Amino acid sequence: MCRLFALTSTDPVSPMEAVQALDVMREGHDGSGVGLYLTGLDGAFGKMPDTPILSAIVTEQGEERLMEFMRHRGYTPGHRLSMSHSATLPAGTPARHAYLVQAFEPPAGWDDLSKEAREEELLATRVALKIAGLERDDITVFSFWPDVVMVKEIGDPLSVGEYLGLDHHDFYARTILAQGRQNTNYAINLYACHPFFIQGICTMTNGENTAFVPIREYLESQNITGYTGYHSDSEVFAHILHYTMKRLGLPLQAYKHIITPLSDAQLAAHADGEFLARLKMVCRKMIIDGPNCVIGVTPDRSMFMVQDKKKLRPGVVGGRPGLYAFSSEVCGLDAVIPDRDKSADFQPMHLDTAIVSPQCEEIEICRQTQPLPHLR
């Protein structure tokens, strides 16, 4: 199993808080890798919330190719975070030419594009860069989006975090997802490392998606940019949420109705039963078969946790106004928010979606048996 930890805060916090929580839960991961998603950024990037930021790992040749690619596409390089390395390379971590975290000013005419057109262009650019990088194994790109930084690397999470200097203020963020990886493959591929990101939506998963192949085949058949690659069976969770919100225009609360729909008998007694029965039929090829615990973030920075029907992967939510955490284990919560009311901690069951808004006021519990707010 992997271990997951996420923080949502009204004030920027260091991602090392999340990394240290992973270290507390180290018995649940083997130290083979770490992945981080940061949004609600502070520091220099926080002053340019609408400027897309590219997060990648590059070789020397790859960096040259990447910059030429971006220039050809009309992007101008801007602020770049200089990631200073400590002298000692962590055990198992490859030596890299550069970890690239750089803002790019958009092409001419950007302001004349619609929001949807901008989002499609950013996604298409990231996908094209990924394809170009895979051809020569010299560019590994994780995200290209405003107010988003992603870091992924092989090695022990705490050692990697210290090596990369992740306590730098430019990494401080109000919303953080972190995964400590349990390697289930013979070779470690950074594209298989959680979290997974697409157009403002990010998820990470602890579990095994045994329905991966039919879900992947369905998503690939939709002819949607970004629904491709799939180096991990968990990447489809991010894409199903993207499909739910971006393509179907449904709220986060509908996500569970797609991945783990209610039985026909339950739907017959539901206030939105007729709509949900049609949704179940249309989206039946995206039904998951776990066990899975999914933690994610929506474009408005709402953080959530869901479980599938098997409920065999741990997950707990807790905190206090202004700071909440989503964790695989209670010890992770204890390490970062020891002063919370522990009696208010919540462990979502298979009908629940636990949500904390970016205002971080409380844990909202939405059950599948309740009406969908979008339909009221």
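Here, each number is a calculation from the coordinates, and none is a lab measurement. What you see is a predicted model, and the numbers here were worked out from it, not measured in a lab. With ideal geometry, Cβ positions are generated from the backbone for all residues, glycine too; neighbour counts draw on all protein chains shown.
Structure notes:
- Total lysine pairs whose alpha carbons fall under 14 Å of each other in the chain (8 or more apart, or interchain): 6
- Inter-probe distance in nm under a simple model that places probes 7 Å from Cα toward Cβ, at HIS169 and HIS231: 3.4
- Calculated Rg and Dmax of the stretch 170-243 using C-alpha coordinates, Å: 13.0, 40
- Choice from PRO15, PRO157, PRO90 showing the highest fluctuation, given a GNM over the chain with Cα pairs closer than 10 Å: PRO90
- Dipole magnitude for the chain: about 860 debye, using +1 per Lys or Arg Cβ and -1 per Asp or Glu Cβ, origin at the Cα centre.
- Taken over the chain, the ratio of Cα radius of gyration to 2.2 N^0.38 Å equals 0.95.
- Whole-number D in µm² s⁻¹ for the stretch 229-376, Kirkwood Cα-pair radius fed into Stokes-Einstein, 10 °C, 1.306 mPa s: 99
- Selection from GLY229, ALA128, ALA335 lying farthest towards where the dipole of the chain points positive, charges on Cβ: GLY229
- Sorted by Cβ neighbour density within 10 Å, fewest at the top, the residues LYS285, LYS309, LYS256: LYS285, LYS309, LYS256
- The charge dipole of the stretch 32-143, taken about its Cα centre with unit charges on the Cβ atoms of Lys, Arg (+1), Asp and Glu (-1) only, comes to about 280 debye.
- Net charge over other residues, Cβ less than 13 angstrom from the Cβ of ARG80 (K, R count +1; D, E count -1): -3
- Note on THR88/MET349: beta-carbon distance plugged into 1/(1 + (r/R0)^6) with R0 of 41 Å gives a FRET efficiency of 0.40.
- Positive-end ranking of ALA344, ILE139, ALA269 along the dipole of the chain, with charges on Cβ about the Cα centre, is headed by ALA269.
- Note on the chain: with a GNM built from Cα contacts shorter than 10 Å, the maximum mean-square fluctuation among HIS169, HIS97, HIS72 falls on HIS72.
- Low-density loop cleavage sites - trypsin sites (Lys or Arg not before Pro) in the stretch 30-83, where at most 12 other Cβ are within 10 Å (DSSP): LYS47
- When the chain is treated as a GNM with alpha-carbon contacts under 10 Å, the residue of SER263, SER327, SER82 showing the greatest mean-square fluctuation is SER263.
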